[in-house]
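The values are calculated or read from the model by the stated rules, or taken from the named source; none is laboratory data. Computed from a predicted structure; not experimentally measured. As a convention, Cβ positions derive from the backbone with ideal geometry for all residues, glycine included, and neighbour counts pool all protein chains shown.
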Amino acid sequence: MFLPIWKKLKYMLLILVLSKEASVLKAAQISSESDKDWINQAIRFWTFTDPSIQIIALGAILIGINCGLMGGYVVSRRLSMFGDTLSHAVLPGIAVGFMFSQSKNEAVLMIGATLSGFLGVGIISLLKRHTKMKEDSAMGLVLSGFYALGICLITYLQQSPNGGTSGLESYLFGSLVGLSDRDLVPLCFCLSLIIICFILLNKELLLSGFDPSFARSVGLPVDILQFCIWILMAFCIVSSLQVIGVVLVSALLIIPAATAGLLTYRMSQILVYSGILGALSGIVGCFLSFMGERLPAGPVIVLCSTLLFLAVLFFSPARGILPSWFRTRRRGQRIRFENTLKACYQVLESRSFSSQSFPQTALAQRRGKSDAEIEKEIGVLIREGYATRQEFPTEQKSELPSETMVSLTPSGWEIASRMIRNHRLWELYLTKEASYAPDHVHDDAEKIEHIIGEKTVRQIERILDNPQRDPHGKPIPSQDDIDRGWLSPPLVADK
Amino acid sequence: MRVALPKPLEIHDLTVAYQQKPVLYGIDLEVEPGSLVGIIGPNGAGKSTLIKAIMGIMKSVDGYVKVFGDSSRKALTRVGYVPQRESVDWDFPVTAMDVVLMGRFGHIGWFKRISKRDRSFASECLEQMNMLPYANRQIGNLSGGQQQRVFLARALAQQSDLYLMDEPFEGVDAITEKAIVDLLKNLRNQGKTLMVVHHDLSTAKDYFDHLALLNLRLVAYGKTEDVFTHDLLQKTYGGKLTVLSEVGSRKLNEKQPTQEAL
């Protein structure tokens with residue numbers, strides 16, 4: 001019962017091939033037991049034991065993969081608007097197909113839809129070629145015109161005597177109810193067509209999409225390839241219509257691929273990610289629509305892929321909004337405590353390194369901050385193990401006002417002296433090598449000291465031939481001083 | 001006596017129109033192998049059009065182009081092309097390496113996969129343009145000069161005998177400009193023929209050994225020292241041939257016949 005999903009898929013495909021005479025399983029059956037509690041329903045869905053559930057789940061996954069894969073090219077070739085137009089332009093074709101066959105014969109409806117879609121595309125290119133109209137207006141015109149016509153026709157059909165049970169409205173917003181095993185055939189056909197085309201024409205499609213004029217120069221029929229993409233798009237849209245609906249099918253072409261575009265910049269990876277994201281939104285949306293009884297499948301599936309998009313937008317490790325916000329914050333914190341440590345060094349220096357500890361008030365003066373703020377900054381240093389604090393005098397009885405003395409730990413000293421070293425070496429480098437005036441270098445060094453790497457610092461030291469003093473005459477701590485944990489005697493004696 | 005090899009490029013009475021408006025009139029041009037030709041002329045002179053017409057991307061109204069004695073469609077693999085940088089969608093999800101590999105497509109053929117040999121050759125081409133460290137960068141993340149180097153690496157990967165380049169110096173930094181000039185001269189010294197659209201008159205004299213002065217008509221073609229004269233430049237840049245342009249488009253738009261029926 002708990003076969004892995006791929007085995008289920010294989011099993012389902014086998015059924016499709018073998019059972020020509022398979023009874024039409026209407027998914028309408030699945031909502032009959034609506035009074036059962038939702039846990040049972042959920043278990044029933046995810047175990048995929050019920051054949052009707054197998055069909056709708058497989059259908060939703062196939063649609064997700066189809067649209068996801070197709071979307072990779074739609075988005076990278078900037079055909080999003082085109083996809084939207086194409087999907088809306090098919091609606092009159094469905095209505096006309098219904099009038100023709102006087103029934104909901106899928107094949108006739110699909111042929112009608114495809115023809116109507118291409119009529120729309122043809123009108124766009126005619127308008128573009130023979131009028132001054134720009135492409136976006138032409139698309140907008142065809143999209144809304146065809147859509148309006150389609151809605152009028154469908155409304156009319158539903159009000160006509162034999163139209164009450166037509167179920168044509170499901171082509172607007174999509175529905176899983178009424179999905180039969182026969183409906184999976186065009187989906188499978190579409191998927192194999194897409195996969196074959198994408199594998200065989202991988203490099204041709206890539207080149208003609210990126211650089212059409214170069215593609216022509218090496219003899220690629222760019223227009224024919226573009227037309228192939230259109231045909232595939234049309235197949236993909238028409239075969240997904242029943243489940244997703246005219247209004248939102250283009251969203252499924254755009255959103256998974258746009259999400260994949262946030263994750264990677266390679267076409268092959270975009271296709272894989274986008275297919276997976278499409279399948280994921282398909283199955284989850286299908287589940288929610290199954291649980292929610294009256295929720296239309298199309299919007300729910302599209303909503304799922306939108307949520308996936310938002311999740312990636314906010315949480316993707318490399319470029320997500322939240323991770324990069326955290327990185328910015330962490331960098332800000334680091335700079336703050338590095339500056340505090342640097343100020344500690346400067347206080348020690350102003351006291352000629354006579355003792356290893358110094359009063360907290362001196363640091364507050366140096367940083368130009370209030371005692372409370374410095375209290376907090378020192379607190380951070382202590383928590384991170386960069387400094388220690390002691391009250392002097394230690395005896396409570398003493399009449400002298402007590403004073404808080406701070407001293408740096410070896411790791412605190414290392415960062416403090418490294419910051420000073422970076423700062424002063426960079427100042428010297430700017431004045432000596434880039435002929436900056438000595439009074440212009442401080443602000444730049446304030447920023448560079450935090451990001452310049454140790455390798456670059458050593459390089460600068462070599463270029464400047466192991467300098468002892470910065471442009472303002474202050475001593476530059478050497479790597480040796482940092483390692484030793486205190487300044488070497490000559491520097492101390494210097495002060 | 002040796003049989004004369006077909007010339008890299010032979011253009012006879014070529015007329016090209018764009019949206020019912022002629023942009024090149026009756027161009028006659030023969031280029032010897034191993035020439036480094038600069039195509040110069042004012043804006044709208046038809047420089048890019050000439051290149052596109054040579055490759056057959058733009059259909060000619062009249063006349064013919066022969067590349068190595070053949071139609072340009074037949075000599076495709078012998079012609080390398082560097083399009084204008086603006087003609088490309090730089091947000092497209094491809095890496096620098098992918099772009100250079102595109103130069104191999106003409107040799108690989110339909111449906112076939114890219115081989116390891118093609119990959120290592122593409123790496124060499126990137127290396128030659130000092131772009132190997134950027135091989136896996138998305139092409140849109142490169143600077144203008146770097147993008148142009150990638151384009152030239154792709155042209156190298158084409159291993160062609162005739163190169164057509166559309167404004168390769170447009171918007172590149174000084175170092176890249178120098179690198180491109182070196183590459184052009186290098187290729188010329190290997191016996192390749194290069195036609196380069198160029199708009200900077202001050203450098204044209206140093207960069208090219210032949211010049212084609214173009215302004216709807218081919219004003220002059222020849223060795224740089226013969227053609228780069230005040231008179232000819234005056235003629236090239238001294239205003240458009242307004243009458244020719246007007247009459248030409250009237251002729252093309254005329255619905256009625258304009259000559260005796262044959």
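Tell me which residues, restricted to segment A:89-122, are without any contact (Cβ under 8 Å) to a residue 12 or more places away in the chain and part of a helix (DSSP H, G or I). Give the steps one after another, and end with the answer.
Taking segment A:89-122 as the starting set, the residues that turn out to be without any contact (Cβ under 8 Å) to a residue 12 or more places away in the chain are A:101, A:103, A:105, A:107-108, A:122.
Those that are without any contact (Cβ under 8 Å) to a residue 12 or more places away in the chain and part of a helix (DSSP H, G or I): A:Ser101, A:Ala107, A:Val108, A:Gly122.
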So in segment B:62-82, with the set limited to residues that are among the small types (Gly, Ala, Ser) and assigned to a strand (DSSP E or B), which one is farthest from the other protein chains (Cβ to nearest Cβ)? B:Gly63
Failed item, numbered, when B:Val181 is tested on (1) within 13 Å of another protein chain (Cβ to nearest Cβ); (2) among the β-branched types (Val, Ile, Thr); (3) without any contact (Cβ under 8 Å) to a residue 40 or more places away in the chain: (1)
State the number of residues belonging to segment B:83-101 that are at the interface with another protein chain (Cβ under 8 Å from one of its Cβ atoms), surrounded by fewer than 24 Cβ atoms within 10 Å (Cβ to Cβ) and not in a loop (DSSP other than H, G, I, E, B). 2
For segment B:168-197, which residues satisfy the criterion of being over 16 Å from B:Gln128 (Cα atoms) and buried (at least 22 other Cβ atoms within 10 Å of the Cβ)? B:Pro168, B:Thr193, B:Leu194, B:Met195, B:Val196, B:Val197
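Within segment A:251-273, track down each residue that is among the small types (Gly, Ala, Ser) and more than 11 Å from chain B (Cβ to nearest Cβ). Outline the logic, then answer.
The first filter runs over segment A:251-273 and keeps only residues among the small types (Gly, Ala, Ser), leaving A:251, A:257-258, A:260-261, A:268.
If the condition is that a residue be among the small types (Gly, Ala, Ser) and more than 11 Å from chain B (Cβ to nearest Cβ), then A:Ala251, A:Ala258 are the ones that fit.
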Looking at A:Pro438, A:Pro467, which one is over 22 Å from A:Phe358 (Cβ atoms), in contact with a helix residue (DSSP H, G or I) (Cβ under 8 Å, 6 or more places away or on another chain) and at pLDDT below 85? A:Pro438
B:Gly109 meets each of (1) under 24 Å from the mean Cα position of the chain (by Cα); (2) loosely packed, with under 14 Cβ neighbours inside 10 Å; (3) under 19 Å from B:Val172 (Cβ atoms) with one exception, condition (3)
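Output the residues belonging to segment A:354-394 that are within 42 Å of the chain's Cα centre (by Cα) and in a strand (DSSP E or B). Give the steps one after another, and end with the answer.
Narrowing segment A:354-394 to residues within 42 Å of the chain's Cα centre (by Cα): A:367, A:369, A:372-387.
If the condition is that a residue be within 42 Å of the chain's Cα centre (by Cα) and in a strand (DSSP E or B), then A:Ala387 is the only one that fits.
Could you please find all residues in segment B:65-77 being of a type outside the set (A, V, I, L, M, F, W, C) and at pLDDT below 90? Let's see the steps before the verdict.
Initial filter on segment B:65-77 (of a type outside the set (A, V, I, L, M, F, W, C)): B:66, B:69-74, B:77.
Correct list: B:Gly69, B:Asp70, B:Ser71, B:Ser72, B:Arg73, B:Lys74, B:Thr77.
Do we have B:Ala53 as surrounded by 16 or more Cβ atoms within 10 Å (Cβ to Cβ), part of a helix (DSSP H, G or I), in contact with a strand residue (DSSP E or B) (Cβ under 7 Å, 6 or more places away or on another chain) and more than 10 Å from chain A (Cβ to nearest Cβ) here? Outline the logic, then answer.
Numbers: surrounded by 16 or more Cβ atoms within 10 Å (Cβ to Cβ): yes; part of a helix (DSSP H, G or I): yes; in contact with a strand residue (DSSP E or B) (Cβ under 7 Å, 6 or more places away or on another chain): yes; more than 10 Å from chain A (Cβ to nearest Cβ): yes.
Yes, satisfied.
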Looking at (1) in contact (Cβ under 8 Å) with a residue 60 or more places away in the chain; (2) exposed (fewer than 14 other Cβ atoms within 10 Å of the Cβ); (3) among the aliphatic types (A, V, I, L, M), can you tell me which one B:Leu152 breaks? (2)
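One line per residue, one yes/no per condition, for (1) free of Cβ contacts under 8 Å to residues at least 60 places away in the same chain; (2) surrounded by fewer than 20 Cβ atoms within 10 Å (Cβ to Cβ); (3) among the charged types (D, E, K, R); (4) in contact with a strand residue (DSSP E or B) (Cβ under 8 Å, 6 or more places away or on another chain):
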| residue | (1), (2), (3), (4) |
| --- | --- |
| B:Tyr81 | no, no, no, yes |
| B:Gly103 | yes, no, no, yes |
| B:Arg113 | yes, yes, yes, no |
| B:Arg117 | yes, yes, yes, no |
| B:Ala122 | yes, no, no, no |
State yes or no: is B:Val67 crowded, with 17+ Cβ neighbours inside 10 Å and under 18 Å from A:Glu204 (Cβ atoms)? no
Every residue from segment A:182-221 that is polar (S, T, N, Q) and over 26 Å from B:Asp91 (Cα atoms): A:Ser192
Which condition from (1) at pLDDT below 85; (2) closer than 28 Å to A:Gln226 by Cα is the one that A:Gln41 breaks? (2)
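Tell me yes or no: at least one residue of segment B:168-182 is of a type in the set (D, E, K, R) and under 13 Å from the mean Cα position of the chain (by Cα).
Restricting attention to segment B:168-182, the residues satisfying the condition of being of a type in the set (D, E, K, R) are B:170, B:173, B:177-178, B:182.
If we keep only those that are under 13 Å from the mean Cα position of the chain (by Cα) too, we end up with none.
Within segment B:168-182, not a single residue is of a type in the set (D, E, K, R) and under 13 Å from the mean Cα position of the chain (by Cα).
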Condition first: assigned to a helix (DSSP H, G or I) and touching a residue at least 60 places away in the same chain (Cβ under 8 Å). Can you find one or more residues in segment B:216-232 that meet it? yes
From (1) surrounded by 15 or more Cβ atoms within 10 Å (Cβ to Cβ); (2) farther than 13 Å from A:Ala387 by Cα, pick out the condition that doesn't hold for A:Gln333. (1)
Within segment B:191-215, the count of residues that are in a helix (DSSP H, G or I) and out of contact with any Lys or Arg (no Cβ under 9 Å at 6 or more places or on another chain) comes to 6
Yes/no for A:Leu303 being farther than 30 Å from A:Phe173 by Cα and of a type outside the set (Phe, Trp, Tyr): no
Which count do you get for residues in segment A:294-343 that are of a type in the set (S, T, N, Q) and within 19 Å of A:Gly245 (Cβ to Cβ)? 2
